[in-house]
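> What follows is a structure written as structure tokens; I'll ask about it next.
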Amino acid sequence: MIIKGILNPQINSLISRVRHTNTLVIADRGFPFWPEIETIDISLVDGIPTVCQVLEALRPNFMIGKAFMAEEFRKGNSPEVQKRFSSILQGVTVDFEPHVDFKKRVPFAIGLIRTADTTQYANIIIESA
């Protein structure tokens, strides 16, 4: 029985299939459904869990080489929210691009983890190193 780290069996299965340069989407509660990729919905109620909480859980066992976020995230969120994401992604290059371009990357991901985050444009695509 797993006693630490990620306990969710679907998430464990998903991240174990990520290889070099593969991507994984961590999305907020309003992110559209993408039928072509595996989606694991872990939303419970508004704000539980958040994208940041999922990122924090993944970091110890997922080598992130690069990340992608929507430009609109920086325009729509306070410096405090942006700092929280930056601190979790410390040492990772984050490319900000228009949300419409960000969404074009989604179908190529290994999978998507949907959270209950209500932060505007909190969606992130992480690329394995």
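Coordinate-derived values only; no laboratory data. Because the structure is a prediction, the values reported are computed rather than measured. In this analysis, Cβ positions are derived from the backbone assuming ideal geometry, glycine residues included, and neighbour counts consider all displayed protein chains.
> So which residues in the range 86-125 are within 19 Å of residue 30 (Cβ to Cβ) and of a type in the set (Val, Ile, Thr), if there are any at all?
If the condition is that a residue be within 19 Å of residue 30 (Cβ to Cβ) and of a type in the set (Val, Ile, Thr), then 100, 106, 113, 115, 118, 119, 124, 125 are the ones that fit.
> Restricting attention to the range 22-38, which residues are surrounded by fewer than 17 Cβ atoms within 10 Å (Cβ to Cβ) and either polar (S, T, N, Q) or under 18 Å from residue 92 (Cβ atoms) (or both)?
22
> Considering only strands (runs of 3 or more DSSP E) fully contained in the range 14-129, which possess at least 2 residues that are free of Cβ contacts under 8 Å to residues at least 40 places away in the same chain?
Here the list reads 93-97.
> For the range 71-85, name all the residues that are of a type outside the set (D, E, K, R) and either loosely packed, with under 12 Cβ neighbours inside 10 Å or within 12 Å of the chain's Cα centre (by Cα) (or both).
Residues satisfying the conditions are 78, 79, 85.
> While we're on this one: If residue 48 satisfies every condition in (1) of a type in the set (A, V, I, L, M, F, W, C); (2) under 19 Å from residue 129 (Cβ atoms); (3) surrounded by fewer than 16 Cβ atoms within 10 Å (Cβ to Cβ) but one, which is the exception?
(2)
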